[in-house]
Structure formats: structure tokens, C-alpha cells
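J.: Below is a structure I'd like to ask you about.
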Amino acid sequence: MKRLFFIAVIFVQASVIFGQSLDNAAIHRIGDYGKLWSVLNLFHPAMAYNTINADSLFTDNIDDLLKDPSAENFKSAMQNMIGKLGDPYTTIVKDENVADDSVQLSERPLLKWLPGNIALIHFDENFMSVNNNGFGDNKASQQLKDTLKNATGIIIDLRKKTNNDENSDYYESKFMKRLVGFLTDRDISYPSYRSRIHYGHQSETFDMSSFYYQGWVTNNSSAVNRLPNAIHKPVCLLINKYNKNLSDAIAALQQEKIAKVLADDSIGTFAATSAYQMQLADSLTVNIGIVETIYPNGCKTFSPDTTVYSHGNNNEDSILNNAVDLLKSWNRGQALCSRSLQNIFVDTKVEGYDSLAYPTAPLRLLGLMRYWSAINYFCANKDRITKSWDSVLYEYVPIILQSKDSVEYMLAVARLITEIHDGHGWLDSRIWRNTYKSIPEVQLSYVNNKTIVYKTFNDSLKNILSPGDEIVKVDDVDIDKLRKRLSQYIGASNNAALQRDVTLHVLAGPDSSFVKITFLHNGATKDLRLKRKVGKYAYNSYTSGLPKQARNWTKLKDDIGYVDFGKLEVSEIDSMFNDFKNTKAIIIDNRSYPKGTVWTMVNYLTDKTVTTAKGTTMIADSPDPTTQIVQSSLWQIPVVAKFKYKGKIIILVNEQTQSQAEYSCMVIQAAFKNTTIIGSQTAGADGDVTGISIPGGIKTAFSGHGVYYPDGRPTQGIGIVPDLKISPTIKGIKVGKDEVLERAIQFAVTGK
């Protein structure tokens, strides 16, 4: 404990010192670099294929930024990370104050005939707008359609001088659909678009894939129907970089072999995909291509058949000559696909870097971002976080960086985990396990804000240290100070569960080491040196009501059954209910962790399907966490009815009742109306556990589901509220009474 206290003091002081050398701007740059990585890792299509290592994407580009977190290095680090994706749609947005980028084009008539009876058509914005509801619906367009029937080939000039406004985009897109239907000899499809979606957070530490997974959301392509008066002629489209709004139609015509495409100079990023914009430090904006285009021929990229690089020169003769050549080769094969579609997600184990107790600074920051990102997008109980989650990120950037050794790093991660106030937010690492590996043969309890001896397990101690004795110091550290210090590093959903786990740790230490305790015994202060020799979770904080040599259930009286829910096996349920068939009450001692028995037990409590709870799962299909989808569903258990128990069910609970134990209470309450909960506040941590792996061999988790009663009442943090509240007292502990069990027996007998 002295070692822990010393490290904690150094840890706080060092963070202050480091904070003086890393200003707020630098902290935000490093944190925002991590935010960008988080979005790319979760939502960029390229990261779904595992061809780019996510860890390397983060660590390979951050060294210069950590050495000198200047604005220049921040921009460079982001650009390097983006560059690894090979995605032209993911870019740092350039300064808006740029010169006019319009192109020079000569005036072009609606229709011009070229040698060989080739029609050259120029559809300007006004023509498309007027005819957007139907090509051929007015006299001018009908005459054009009639004329084109006599053409041997058609060149359609769609090139623009500059970008449209949104209204023009809308009308032109509608016009192009009518034009496509006029040019084709069959019904064809436009490109489709797809993006990534995550149904909860896939566990990184153990297999929970049946609950959480990722996939694609696909917006299917539009179908364009052949018009009754359609013609089918060789077609060449002239395009430039300002035709992005028509890219769907242009690609469909090319890849369905309706037309060839000639580009006037580079068309750059041509697909009309929407990008997600991130506003980052130093007022930098990054466009992130989170949507993947699926062209009709299975490609992910669009390429024109020919590009004529006029470089801004009005070289119309060269362009038209190339267009005519394309018409002559109209029946030949189309452009090859440069990037074919891949549908398979490649799931790999997340590297924990277990051999590195003290990882490098980039890996430590990677761990921070893994954790921050998982909570940011997938924590179903994010409303319980008392700070802005962004502020937590920036707060811990210097703390994680400053960690001087493996212990400081572990403590920094432990503190981070407590920020979510979740009892499933435990910390596991080799260093933590070794630090708190063993306890003396003494079991403690926290009663009336006092650390009390609950039980001793060594006969030689029983005349020295008695149940009800109060621990006042550990290794000469005041017990309240020690408890407060430990509380910084232990995750819990409520104070009852926090004090439970703090109590487990106050005497814990390395195996076979010694701890000095100062305690009050019969009004006198005494010191005792104890050897740590048993695992810290060897003792529960309650005494089972089972007599020695009994099965996992017994009759306390002829008409009152008692079952230790932490010991009962699924295979024993039928025998237990046969024994308890005629009892007036069954007391279920749920002050422990059950063995998955409640799903079978309901068959003896009802003959109807049981609606147990409302569960929520976070579904992330966008980098914007404010647009997350909360999927709610009623959880139900089908019943294969056995005989229906007729007596009372009494469930005993306390701070040990957590997760499955709490859900078991909800199931029994839903299945059996004559159920009474007796005891004290439960741990308030329900919902499936999903794991996070942090470099340095550190493992943690959080509640992957939100869990509510079917009527919407929350359970996280609150737990299962007892119908009759009763907690152990120091007086009862002294005389060996289980006051909660005694109160349950009284209720079973009297109903009061």
C-alpha cells in the first residue's frame, strides 16, 4: 500500500509538470489526430478489409507530432495517415481563398452535324432544367429526338464551365434519367452506394460475436427503364470535372455498354459520393469518404474510356476527333476495372501487446483511443458519464503520455476506466493482479461507513480478531484515506458496488507478503501483522444459509425452501422444485453470481412467454455520435411449462448482486407475480459485457447493452430496488446473524 500511495503522489505531480510543457493547443492536436484515426478505423470502407493494419495506421504517423506537436506537424501527421488509405475522397480541405478554377469553353449550339452523319449535341443547364420532367415533352426537344433517329452516332457534350448550384444539380439529374431511358435498348441500373455499420462493439478480449458485429448498409441503385420511343445508337459522352452531379448516369451508360466516355482533362474524384466533414484542431477540416460506390460492372472506381489533356486550351478539334474514334470502336470492350469489389469483412484479433508492460508512447495513446472510441460510439449508458467525453480525451492525453513506467501507465488507464461509472468497467492486467493478488485469511465488509471484520478463516486468529472489529488503519495509513485513494482506480456503477470492491482491495497485496492492520477490538486499539495467502476473491460478503454437507438447496423449515443461487446448477433445478413443490415459500439467495439457471427456472414459474426487459444496443453507421441509432427490443424467454409453483418467491440481494444476478431478479419478477425482493442496493451493472484490449496486456470492458424494465425504468446504476430494505449491522455481524436471511424467513412466515 505504501508503494501504491507513493506512486499516486508522483503520478499527480508529474502530470502537472508535464502539463506545463504541453499546452492546450498541442493536447488538442494529439487528441484530434486520435479522433481522425477513430473515424477512419470504424467507418472508412478500406479499413473493413484488413489490408491496412489499424494499429500501424495510428502509430506509424505520430512520432513527429509527439516530438513537436506544432500545427505544421499536426497537418503533416494527418496527411500521412490519410495517404495510407489511397482514397482520393478523403482529404484535408484546402483554403477556400483560392483562385477561380473555372474552365474556358467555346459557345456550343444545341445540335451540330459532323461528317458521317454524326450528331453533336450540347445540353446546357437551361435545356436540362426546362426538360427535366421528360425529354421530348416540348416541341424543341421532340424535334431533336426525331432528328436523332437518323444519326449514325451521337456525341453528347455535357461539359461545364464551373460547378452548379444545388437546384441545377437536381434538375439535371432528373433530365439525365429521361435521356438514359431514351438512349438504351433495355432497362439498366445506376451505381449503388454502401457504407459500414456497427451493431454494438465487437469484443476484443473474448468471443461475443453473436451479439455484436459489423456489416454494410447498401443503398441500392436506381433502375432506369427503357422509354417506348428509345433509340439505340453509338454514343460518346464528353465530360469534365464539373459533371460530378451526373456521374451516376454517366457511369451507368458506360458500364452498361450504352456509351463511351471521353474526359476533357482530369476529372479528379468523379463519383458524387457524400463525405463526412471533421472539424479538427487549428481550424482544419477533413473530408472523409465513408461511402463506397458500387458501379454496375462491380468496380469501385470509375475511369473514362479516353482522356484528352487539353490543359485548359480550347482544343476542340482534338477532342472531337477522339470522340469520333470512340464511336467507331463503340462495340469493343469497356475499360477494365481497376479496383474490384470486396464483400468480405476480415475480423482479426486485436493485438494487446501483452509482452510490453510499458508500451511506447504511440502505443499508449493507441490504447487511449481504442477505449475512447469504443465508449464514444457504443456505450449504451453514455448518459451516466458526468463529463463531456471529448474533454475526457483531452484530459488523459498528457496523463497517458506522462506515465513514466508500467505502474503509472496502469494507474492512468484505471482512472480512465472509472470515468464511465460502469461496474463492468473492471481493469485486468498482470501488474494489477500481482499487486492485489492475495489477502489474509480475513473477510471484511463495509457497514455504516466502517470497514468491519466479517469473518476470519484461521482458528489462530479467532481469539485476536473477531467479527465486528473495525479496521482503522492499514500499514499505518488511515482507512478512510486508503479507501478514497483506491476508489480512484476502481470502476463501479454505484457507491454500493464501489465500496464492495474497495473493501476487497484494502488488505490485498502480493502473494505471501505481510500487511499490518490497526483495529478496534472491544474498545481497545490493537495492531496485527497478517500474511497474505489466499486469492482476493476467495470470500464472498455473505454466509450461505446452507448447513454443512447440504446440497445447494435445503428446507429451513418444513414449508420454507432455501437455495444458494450462486451454487445451483441447471441440472439440479428439476430436483430442487420437486423438493420445494409443496412449500409456502422459496428463498433464493442471490447475493452472489448465478450459473445461468434462470432461463430454465422460468419453466416452473409460468406457462407463458416471459417479457423480461427492454434492451438497447448502440448502432453506429455514421462518424457523428449525435446521429447514432439506439436499437430497442423487448427481451423474451419462451417457456416450456412444467408444474407451476404456487408459493412465494423471496429473493435476497445486496451489492454482490450484479449483471446476470440482477437480470435473474428481473426475469423472476416478470415470470412470477408473487415475488418479493429483500436486501440492499444491488450493483447496478447489467447488460452483456463487451471487452476492450489496451496495449500493455491491459483488458477492460463495459456494458454493451442498456437494460431497462419492460416499462422503461432504468437499471444501470440503480440496480434492483428491494421491496424490503435491510442491510447487515455491526451488532448482527458480532453475533454471527444473517439479518437479511432472518428478515426473509420472517416475511415467508408472516407475509410482513
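The values are calculated or read from the model by the stated rules, or taken from the named source; none is laboratory data. On a predicted model such as this, the values are computed, not experimentally measured, just so you know. All Cβ positions, even for glycine, are placed from backbone atoms using ideal geometry, and neighbour counts span all protein chains on display. Ligands, DNA and RNA are excluded from the accessible area calculation, which covers all protein heavy atoms including side chains. Shrake-Rupley method; radii C 1.70, N 1.55, O 1.52, S 1.80 Å.
J.: So, in the range 170-201, exactly how many residues are of a type in the set (D, E, K, R), out of contact with any helix residue (DSSP H, G or I) (no Cβ under 6 Å at 6 or more places or on another chain) and open to solvent by less than 20 Å² (accessible area, probe 1.4 Å)?
T.: Filtering the range 170-201 down to residues of a type in the set (D, E, K, R) leaves 172, 174, 177-178, 185-187, 194, 196.
Pick out the ones that are also out of contact with any helix residue (DSSP H, G or I) (no Cβ under 6 Å at 6 or more places or on another chain) and you get 174, 177-178, 185-187, 194.
With the extra rule that they be open to solvent by less than 20 Å² (accessible area, probe 1.4 Å), the set shrinks to 194.
Final tally of qualifying residues: 1.
J.: For the range 210-240, which residues satisfy the criterion of being open to solvent by 60 Å² or more (accessible area, probe 1.4 Å) and free of Cβ contacts under 8 Å to residues at least 60 places away in the same chain?
T.: Residues satisfying the conditions are Ser210, Tyr213, Asn219, Asn220, Ala223, Asn225, Arg226, Pro228, His232.
J.: Name every residue in the range 172-194 that is among the aromatic types (Phe, Trp, Tyr) and either assigned to a strand (DSSP E or B) or in contact with an Asp or Glu (Cβ under 8 Å, 6 or more places away or on another chain) (or both), in order of residue number. Quick ask: steps written out before the conclusion?
T.: First, the residues of the range 172-194 that are among the aromatic types (Phe, Trp, Tyr): 175, 182, 190, 193.
Listed by number, the residues that qualify are Tyr190, Tyr193.
J.: Something else now. Inside the range 606-643, can you point out the residues that are open to solvent by less than 70 Å² (accessible area, probe 1.4 Å), within 30 Å of Ser575 (Cα to Cα) and not in a strand (DSSP E or B)?
T.: Those that are open to solvent by less than 70 Å² (accessible area, probe 1.4 Å), within 30 Å of Ser575 (Cα to Cα) and not in a strand (DSSP E or B): Thr606, Val639, Ala641, Phe643.
J.: Among (1) surrounded by fewer than 18 Cβ atoms within 10 Å (Cβ to Cβ); (2) more than 27 Å from the chain's Cα centre (by Cα); (3) modelled with pLDDT of 90 or more, there is one condition Leu120 misses while meeting the rest; what is its number?
T.: Of (1) surrounded by fewer than 18 Cβ atoms within 10 Å (Cβ to Cβ); (2) more than 27 Å from the chain's Cα centre (by Cα); (3) modelled with pLDDT of 90 or more, only one is false for Leu120: (1).
J.: Looking at the range 444-455, which of its residues are open to solvent by 10 Å² or more (accessible area, probe 1.4 Å) and touching a residue at least 12 places away in the same chain (Cβ under 8 Å)?
T.: The first filter runs over the range 444-455 and keeps only residues open to solvent by 10 Å² or more (accessible area, probe 1.4 Å), leaving 444-446, 448-450, 454-455.
Within the range 444-455, Leu444, Ser445, Tyr446, Asn448, Lys450, Tyr454, Lys455 meet the criteria.
J.: For the range 260-299, what are the residues that are open to solvent by less than 30 Å² (accessible area, probe 1.4 Å) and among the aromatic types (Phe, Trp, Tyr)?
T.: Passing the criteria: Phe270, Tyr295.
J.: What is the residue count in the range 562-605 for residues that are part of a strand (DSSP E or B), over 36 Å from the mean Cα position of the chain (by Cα) and hydrophobic (A, V, I, L, M, F, W, C)?
T.: Residues in the range 562-605 being part of a strand (DSSP E or B), over 36 Å from the mean Cα position of the chain (by Cα) and hydrophobic (A, V, I, L, M, F, W, C): 4 in total.
Residue-wise test of (1) of a type outside the set (S, T, N, Q); (2) at pLDDT 95 or above.
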{"residue": "Met666", "(1), (2)": "yes, yes"}
{"residue": "Ile677", "(1), (2)": "yes, yes"}
{"residue": "Ser680", "(1), (2)": "no, yes"}
{"residue": "Ala683", "(1), (2)": "yes, yes"}
{"residue": "Gly687", "(1), (2)": "yes, no"}
{"residue": "Ile698", "(1), (2)": "yes, yes"}
{"residue": "Gly704", "(1), (2)": "yes, no"}
{"residue": "Thr715", "(1), (2)": "no, yes"}
{"residue": "Ile720", "(1), (2)": "yes, yes"}
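J.: Then there is this: For Glu408, which of the numbered conditions (1) within 26 Å of Ser38 (Cα to Cα); (2) in a helix (DSSP H, G or I); (3) touching a strand residue (DSSP E or B) at 6+ places or on another chain (Cβ under 6 Å) fails to hold?
T.: Going through the list (1) within 26 Å of Ser38 (Cα to Cα); (2) in a helix (DSSP H, G or I); (3) touching a strand residue (DSSP E or B) at 6+ places or on another chain (Cβ under 6 Å), Glu408 breaks only (3).
J.: What helices (runs of 4 or more DSSP H) lie completely within the range 44-88 and have 3 or more residues being without any contact (Cβ under 8 Å) to a residue 12 or more places away in the chain and crowded, with 21+ Cβ neighbours inside 10 Å?
T.: Working: elements: 54-59, 63-67, 71-83.
Qualifying helices (runs of 4 or more DSSP H): none found.
J.: Looking at Asn150, is it part of a loop (DSSP other than H, G, I, E, B) and either over 23 Å from Val324 (Cα atoms) or touching a Leu at 6+ places or on another chain (Cβ under 7 Å) (or both)? Write out each step before concluding.
T.: Numbers: part of a loop (DSSP other than H, G, I, E, B): yes; either over 23 Å from Val324 (Cα atoms) or touching a Leu at 6+ places or on another chain (Cβ under 7 Å) (or both): no.
No, not satisfied.
J.: Something else: For a quick check of your reading: which helices (runs of 4 or more DSSP H) sit entirely within the range 306-402 and have at least 2 residues that are modelled with pLDDT of 95 or more and among the basic types (Lys, Arg)?
T.: Passing ranges, in order: 361-378.
J.: Take Lys536 and decide whether it is of a type in the set (Lys, Arg) and open to solvent by 60 Å² or more (accessible area, probe 1.4 Å).
T.: On the way: of a type in the set (Lys, Arg): yes; open to solvent by 60 Å² or more (accessible area, probe 1.4 Å): no.
No, not satisfied.
J.: Could you tell me which residue of the range 358-384 is farthest from Ser429 (Cα to Cα), considering only residues that are among the small types (Gly, Ala, Ser) and crowded, with 18+ Cβ neighbours inside 10 Å?
T.: We begin by selecting, within the range 358-384, every residue among the small types (Gly, Ala, Ser); these are 361, 367, 373-374, 380.
Add one more test, that the residue is crowded, with 18+ Cβ neighbours inside 10 Å, and what stays is 367, 373-374, 380.
Working: Gly367: 14, Ser373: 21, Ala374: 19, Ala380: 25 Å.
Checking each candidate, the answer is Ala380.
J.: So if I check each of Ala550, Ala585, which one is of a type in the set (A, V, I, L, M), open to solvent by less than 70 Å² (accessible area, probe 1.4 Å), touching a helix residue (DSSP H, G or I) at 6+ places or on another chain (Cβ under 7 Å) and farther than 30 Å from Trp216 by Cα? Spell out the reasoning first.
T.: Details: Ala550 fails: touching a helix residue (DSSP H, G or I) at 6+ places or on another chain (Cβ under 7 Å).
Result of the check over Ala550, Ala585: Ala585.
J.: Continuing with this model, one more query. When you scan the range 653-750 for strands (runs of 3 or more DSSP E) that lie fully inside it, which ones turn up with 1 or more residues that are under 26 Å from Leu605 (Cα atoms), aromatic (Phe, Trp, Tyr) and open to solvent by 30 Å² or more (accessible area, probe 1.4 Å)?
T.: On the way: elements: 675-679, 689-694, 698-703, 706-708.
Qualifying strands (runs of 3 or more DSSP E): 706-708.
J.: Still on this structure: Go through the range 462-485 residue by residue and tally those that are open to solvent by less than 20 Å² (accessible area, probe 1.4 Å) and either touching a residue at least 40 places away in the same chain (Cβ under 8 Å) or outside any helix (DSSP H, G or I) (or both).
T.: 6
J.: Moving on. So Lys139 fits all but one of (1) open to solvent by 10 Å² or more (accessible area, probe 1.4 Å); (2) modelled with pLDDT under 80; (3) under 54 Å from the mean Cα position of the chain (by Cα); what number is the exception?
T.: (3)
J.: Under 6 Å by Cβ, and 6 or more places apart or on different chains, what pairs join a residue from the range 556-575 that is within 13 Å of Ser592 (Cβ to Cβ) and modelled with pLDDT under 95 with one that is open to solvent by 50 Å² or more (accessible area, probe 1.4 Å) and of a type outside the set (A, V, I, L, M, F, W, C)?
T.: Gly566/Tyr593
J.: What is the one condition in (1) part of a loop (DSSP other than H, G, I, E, B); (2) among the polar types (S, T, N, Q); (3) closer than 23 Å to Thr301 by Cβ that Gln202 does not satisfy?
T.: Of (1) part of a loop (DSSP other than H, G, I, E, B); (2) among the polar types (S, T, N, Q); (3) closer than 23 Å to Thr301 by Cβ, only one is false for Gln202: (3).
J.: Would you confirm whether any residue within the range 550-561 is basic (Lys, Arg), under 22 Å from Tyr454 (Cβ atoms) and either in contact with a Lys or Arg (Cβ under 8 Å, 6 or more places away or on another chain) or not in a strand (DSSP E or B) (or both)? Spell out the reasoning first.
T.: So the first thing to find is which residues in the range 550-561 are basic (Lys, Arg), and the list is 551, 555, 557.
Checking the rest, the ones that are also under 22 Å from Tyr454 (Cβ atoms) come to none.
No, that holds for no residue.
J.: Exactly one condition in (1) touching a Gly at 6+ places or on another chain (Cβ under 8 Å); (2) aromatic (Phe, Trp, Tyr); (3) loosely packed, with under 14 Cβ neighbours inside 10 Å is false for Phe514; which is it?
T.: The single condition Phe514 does not satisfy is (1).
J.: Another one. For the range 160-169, how many residues are open to solvent by 80 Å² or more (accessible area, probe 1.4 Å) and charged (D, E, K, R)? Spell out the reasoning first.
T.: Let us first name the residues in the range 160-169 that are open to solvent by 80 Å² or more (accessible area, probe 1.4 Å), namely 161, 163, 165-167.
Add one more test, that the residue is charged (D, E, K, R), and what stays is 161, 165-166.
Result for the range 160-169: 3.
So that you can scan it fast, the table gives a plain yes or no per residue for (1) buried (at least 20 other Cβ atoms within 10 Å of the Cβ); (2) closer than 13 Å to Thr700 by Cβ; (3) acidic (Asp, Glu):
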site	(1), (2), (3)
Ser391	no, no, no
Tyr394	no, no, no
Val397	yes, no, no
Gln402	yes, no, no
Ser406	no, no, no
Ala414	yes, yes, no
Gly425	yes, yes, no
Ser429	yes, yes, no
